[in-house]
Amino acid sequence: MNYSTRQSSLTKKPPDVTKNRKLKTEQLLKVDDHDFTMRPAFGGPAIPVGVDVQVESLDSISEVDMDFTMTLYLRHYWKDERLTFTSSTNKSMTFDGRLVKKIWVPDVFFVHSKRSFIHDTTTDNIMLRVFPDGHVLYSLRVTVTAACNMDFSRFPLDTQTCSLELESYAYTDEDLMLYWKSGDESLSTDDRISLSQFLIQKFHTTSHLAFYSSTGWYNRLYINFTLRRHIFFFLLQTYFPATLMVMLSWVSFWIDRRAVPARVSLGITTVLTMSTIITGVNASMPRVSYIKAVDIYLWVSFVFVFLSVLEYAAVNYLSTVQDRRERKMRDEIRERSLPCACGMSQTRTMILDGNYSEADTNSLAGYTSRTMVSEEDVEMPHEVMSEKQAPREHMVVHLSVSSESTTTKKKGIRALKIIQNTHAIDKYSRMLFPGSYVLFNFIYWCSYCIGA
């Protein structure tokens with residue numbers, strides 16, 4: 001019995017004051033013995049505060065509001081000798097957020113943040129770990145929405161760089177030195193982080209000094225990340241529909257120019273559809289004062305569609321002008337052929353049928369005339385023919401048409417052949433419009449894809 005008692009006393013571990021339930025936390029850490037409203041080593045050199053961050057998720061990127069939302073674990077490391085305690089096993093003590101209100105903690109805030117909150121389900125997501133030598137680890141889980149200055153001049157073929165900035169609100173660099181605890185390794189991310197519209201290319205950290213004219217210099221830490229936009233969504237929703245509308249407008253070049261309702265309705269439909277596409281794209285974008293890459297493509301496509309409507313307007317107008325001019329030429333030729341055309345090379349025969357007076361005959365003097373007998377009169381016997389009415393008399397007049405007027409007409413038509421021939425306009429449009437649009441696409445995609 002004595003041997004077992006002696007052996008148990010030898011193997012028994014020394015008591016750990018950190019596990020003593022009779023000793024309160026405030027008494028162990030001597031919270032009531034110090035003024036924690038002042039920073040550690042107050043009046044001395046700046047206290048170094050190390051920071052590391054673990055990004056849990058990148059929740060959303062908003063182009064309209066120009067901001068992003070991120071959930072992260074923010075950890076601070078510093079030493080406060082006022083929190084030293086005795087521990088034979090050198091074990092740390094871990095507390096929740098209730099002790100944070102009783103000791104000094106760094107006043108780090110997010111620069112350019114719009115909204116932020118500490119998660120509180122099921123309790124406040126705050127952890128405080130104190131080591132016997134006074135080193136402190138302060139960790140919290142926070143979601144922050146911060147501004148990101150985006151450049152949409154290459155949208156949707158753009159690459160955006162955003163940054164989350166951390167800084168002490170009250171303490172300048174003379175009182176608090178904020179730094180990344182492990183350099184670039186201070187920032188860790190989850191490999192499963194992904195966004196629907198962006199490819200996360202790179203996370204990295206930087207640090208600089210920020211100056212405020214009223215208060216001085218402050219240490220500022222940056223969490224930088226680069227996002228490259230996925231283009232496939234916009235190809236399906238914007239570029240392909242716009243291209244199809246432009247190609248649909250070319251169908252009118254193969255429709256008969258006399259089918260006015262078909263060509264006009266097709267042109268108006270494509271114009272209205274392009275307007276709807278442009279409105280839908282701009283509705284999801286901020287109202288920037290510069291031209292975006294998608295604006296160039298959509299507006300050039302809109303111009304092609306609009307020009308196809310103007311092309312038919314030109315065809316219709318020139319067709320009307322051509323018909324009117326030809327009608328006028330026919331009237332002039334008819335008027336010029338009435339006077340004597342003696343001595344003219346080209347002749348026509350005009351038959352004047354019916355009763356005519358002697359004055360009419362004299363007016364046609366110089367023209368060859370003869371009496372014509374119909375075939376019925378030729379077949380009838382002479383006796384029957386004598387009993388009936390005498391054969392009707394016809395005057396055959398040989399008229400000449402001026403070759404000069406014909407030559408003038410041919411020259412005028414030849415000179416305006418391309419302009420007045422509506423079939424030629426449609427024919428050239430069938431080649432000019434597709435060729436120009438293909439050239440535009442080649443220049444557009446080479447400029448933005450190679451530049452990216």
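Of the residues Trp299, Trp250, which single one is touching a Pro at 6+ places or on another chain (Cβ under 9 Å), modelled with pLDDT of 90 or more and aromatic (Phe, Trp, Tyr)? Give the derivation first.
On the way: Trp299 fails: touching a Pro at 6+ places or on another chain (Cβ under 9 Å).
Only one candidate passes the filter, namely Trp250.
Which residues, taken from the stretch 61-114, are in contact (Cβ under 8 Å) with a residue 24 or more places away in the chain and hydroxyl-bearing (Ser, Thr, Tyr)?
Of everything in the stretch 61-114, those that are in contact (Cβ under 8 Å) with a residue 24 or more places away in the chain and hydroxyl-bearing (Ser, Thr, Tyr) turn out to be Thr69, Thr71, Tyr73, Tyr77, Thr84, Thr86, Ser87, Ser88, Thr89, Ser92, Thr94, Ser113.
The rows are residues; the columns are (1) modelled with pLDDT of 95 or more; (2) under 30 Å from Ser284 (Cα atoms).
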| residue | (1), (2) |
| --- | --- |
| Thr84 | no, no |
| Thr89 | no, no |
| Thr123 | no, no |
| Ser139 | yes, no |
| Met150 | no, yes |
| Ser163 | yes, yes |
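Could you grab the pairs with beta carbons closer than 7 Å, sequence gap of 6+ or different chains, first residue in the stretch 176-200 and of a type in the set (Phe, Trp, Tyr), second one assigned to a helix (DSSP H, G or I) and surrounded by 11 or more Cβ atoms within 10 Å (Cβ to Cβ)?
Here the result reads Trp180/Ser186, each pair linking the stretch 176-200 to a residue that is assigned to a helix (DSSP H, G or I) and surrounded by 11 or more Cβ atoms within 10 Å (Cβ to Cβ).
Against the condition open to solvent by less than 60 Å² (accessible area, probe 1.4 Å) and in contact (Cβ under 8 Å) with a residue 60 or more places away in the chain, how does Leu140 come out, does it pass? Show your work before the answer.
Working: open to solvent by less than 60 Å² (accessible area, probe 1.4 Å): yes; in contact (Cβ under 8 Å) with a residue 60 or more places away in the chain: yes.
Yes: the conditions hold for Leu140.
With Trp104, Trp78 as the choices, which residue is within 23 Å of Tyr138 (Cβ to Cβ), at pLDDT 90 or above, open to solvent by less than 50 Å² (accessible area, probe 1.4 Å) and not in a strand (DSSP E or B)? First the steps, then the outcome.
Values: Trp78 fails: not in a strand (DSSP E or B).
Step by step, each of Trp104, Trp78 is checked, and only Trp104 is within 23 Å of Tyr138 (Cβ to Cβ), at pLDDT 90 or above, open to solvent by less than 50 Å² (accessible area, probe 1.4 Å) and not in a strand (DSSP E or B).
Just give me the residues in the stretch 88-110 being touching a strand residue (DSSP E or B) at 6+ places or on another chain (Cβ under 8 Å) and not hydrophobic (A, V, I, L, M, F, W, C), in sequence order.
Result: Ser92, Thr94, Asp96, Gly97, Pro106, Asp107.
Could you check the stretch 234-246 and list, in sequence order, the residues that are in contact with a helix residue (DSSP H, G or I) (Cβ under 8 Å, 6 or more places away or on another chain) and free of Cβ contacts under 8 Å to residues at least 40 places away in the same chain? Full working, then the answer.
As a first pass, look at the stretch 234-246 and keep what is in contact with a helix residue (DSSP H, G or I) (Cβ under 8 Å, 6 or more places away or on another chain): 234, 238-239, 241-243, 245-246.
Pro241, the sole residue that qualifies.
Restricting attention to the stretch 36-75, and to residues there that are β-branched (Val, Ile, Thr) and surrounded by fewer than 17 Cβ atoms within 10 Å (Cβ to Cβ), which single residue is modelled with the highest pLDDT?
Checking each candidate, the answer is Thr71.
The values are calculated or read from the model by the stated rules, or taken from the named source; none is laboratory data. Bear in mind that the values here come from a model prediction, so they are computed numbers and not experimental data. Every residue, glycine as well, gets a Cβ built from its backbone with ideal geometry; the counts of neighbours run over all protein chains shown. Heads up: the accessible areas ignore ligands, DNA and RNA and are worked out on the full protein's heavy atoms, side chains in. Shrake-Rupley method; radii C 1.70, N 1.55, O 1.52, S 1.80 Å.
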